[in-house]
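> Have a look at this one before I ask anything.
The values are calculated or read from the model by the stated rules, or taken from the named source; none is laboratory data. As the structure is a computational prediction, the values presented were derived from the model and not from experiment. Cβ: placed from backbone, ideal geometry, glycine included. Neighbour counts: every protein chain shown. Accessible surface is based on the protein model in full, side chains and every heavy atom, while ligands, DNA and RNA are left aside. Shrake-Rupley method; radii C 1.70, N 1.55, O 1.52, S 1.80 Å.
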Amino acid sequence: MLSFLPGWLLCPIVLLFGMSYTAVISLLIFIVSCVRYPLLWSPGASSFLIRVNNHLMGWWLYGNHLTLVLFTRAEVHVTGEIGEDESASQIIVSNHISWLDTLVIGEITRNRLPVPKFFLKHSLLYVPFVGIACWGLGMPFMRRYPPAYLLRHPELRNRDIETTRKICETFRDIPTTFVNFPEGTRFTEEKREKGGAPYKNLLTPKPGSLALAIGSLDTFSRIICVTLHYPDNKESPFKAMLFGRLGRIYINLREIQITDNLKGDYTGDKQFKHSFQIWLRERWQEKDETLQKMKEQAEADRKSGKK
């Protein structure tokens, strides 16, 4: 709607709008959380306040929706379907390209699935407003220790495991959508080549947090596999959104049912760990092929003039 404005004018407007509703909602979530934690002894009161925070998270998703509608002219192309269900917990697994991914996934889940909770890097805890909101919403903050540091402090190896288990247990009775980016970082060709990934378009996935989440909560009903592609903004889709230059967004959705062979002790059962790693690599190979087809389709659409 306002994307006709010059980028130098639109960018501060988008930032001010986004920071304003994020700050207000984050503050409300923080207040509710400060009330909730002294009431952890009361499951009923704690559960009610978690639902209040989830409702506030829904308003944040709506703010993101308005950002995309008001300040971009993005054309969204979706292939595949997922059943809408706000009463069951599920896991979203996605490739990771940009900060914009969180807004797009939020748009996918908004009013269709329980509000999303992201596995986050611990450093994001200190981002103004966002950090306290994510803490209040009970999102897991994951630490990445260098191998040499873990050799000196082996007691830290299982910290993320315990964090994942505790967070999942908190939401046992509350429908939740956990979002996991198995690649662990945003994709670049340099990272793909440096990491020796056996894929054309993806980094090598890290299965640990996904396997632990599935094994920690038996109420997860399915995995929703999301594949994202921004053909017109390959370098920086988020920056393109800020300046009103966000182009087409291609999204592929696929459901995978969680079966018994995906549940097990990832840290203690070597056979299960090996089988889960093979399973995820196979799914990632399928995702790589899907993403390649999406790129070819986007190029064909560009040549034909299709928006």
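> For Trp135, what is the net charge nearby, where nearby means another residue's Cβ is under 12 Å from its Cβ and Lys, Arg count +1, Asp, Glu -1?
+2
> Placing one identical point scatterer on every Cα of the stretch 190-286 and ignoring solvent, what is log10 I(q)/I(0) from the Debye formula at q = 0.19, 0.22 Å⁻¹?
So the normalised log intensities work out to -1.01, -1.15.
> With a 1.4 Å probe and all protein chains in place, put Asp232, Asp173 in order of accessible area, largest first.
Ranking Asp232, Asp173 by accessible area, largest first, yields Asp173, Asp232.
> Students sometimes get this wrong: rank Val52, Val35 by accessible area, probe 1.4 Å, all chains present, largest first. It would help to have the intermediate numbers written out before the result.
Working: Val52 45, Val35 75 Å².
Most to least solvent-accessible, the answer reads Val35, Val52.
> Still on this structure, I have one more. At a 1.4 Å probe, what is the % contribution of carbon and sulfur to the accessible area of the chain?
Looking at the chain in its full context, I get 59 percent from C and S.
> Tell me which label goes with the value of volume of the Cα convex hull per residue in Å³ computed from the coordinates here: [x] 162; [y] 134; [z] 147.
The calculated read-out lines up with [z].
> Also: With a 1.4 Å probe and every protein chain left in place, tell me how much accessible area Tyr250 has, in Å² to the nearest 10.
Here the accessible area works out near 10 Å².
> Give me the percent of DSSP beta bridges within the chain that run antiparallel, rounded to the nearest 5.
30 percent
> Still on this structure, I have one more. For Leu70, what accessible area in Å² do you get when you roll a 1.4 Å probe over the heavy atoms of the protein chains, rounding to the nearest 10?
Estimated to the nearest 10 Å², Leu70 gives 40 Å².
> In what order, largest first, do Phe30, Phe178 sit by accessible area if the probe radius is 1.4 Å?
Sorted by accessible area, descending: Phe30, Phe178.
> Please go through the stretch 248-302 and write out the trypsin sites (Lys or Arg not before Pro) that DSSP classes as loop and that have at most 12 other C-beta atoms within 10 Å.
Sparse-neighbourhood loop trypsin sites (Lys or Arg not before Pro): none present.
> Could you provide, to the nearest whole Å², the per residue accessible area of the stretch 30-118 with probe 1.4 Å?
Heavy-atom accessible area per residue stands at 46 Å².
> For n ≥ 4 DSSP H runs only, could you compute -39500 (n - 2.57) per run for the chain, divide by its residues and tell me the 222 nm figure to the nearest 500?
Rounded to the nearest 500, it is -16000 deg cm²/dmol.
> Per residue, how much accessible surface does the stretch 196-307 expose to a 1.4 Å probe? Answer in Å², no decimals.
Heavy-atom accessible area per residue stands at 50 Å².
> Once Rh is set to the Kirkwood radius over Cα pairs, what Stokes-Einstein translational diffusion coefficient, in µm²/s, holds for the stretch 29-123 at a temperature of 25 °C and a viscosity of 0.890 mPa s? Walk me through the numbers before you get to the answer.
Working: Rh = 15.4 Å.
It diffuses with D of about 159 µm²/s by this estimate.
> Okay, moving on. Could you compute Rg(Cα) / (2.2 N^0.38 Å) for the stretch 191-236, with N its residue count?
This ratio for the stretch 191-236 stands at 1.56.
> Around His96, under 9 Å between beta carbons, what's the net of Lys plus Arg minus Asp minus Glu among the other residues? If you can, show how the numbers build up before the last one.
Working: positive: Arg186; negative: Asp101, Glu183.
Here the count lands on -1.
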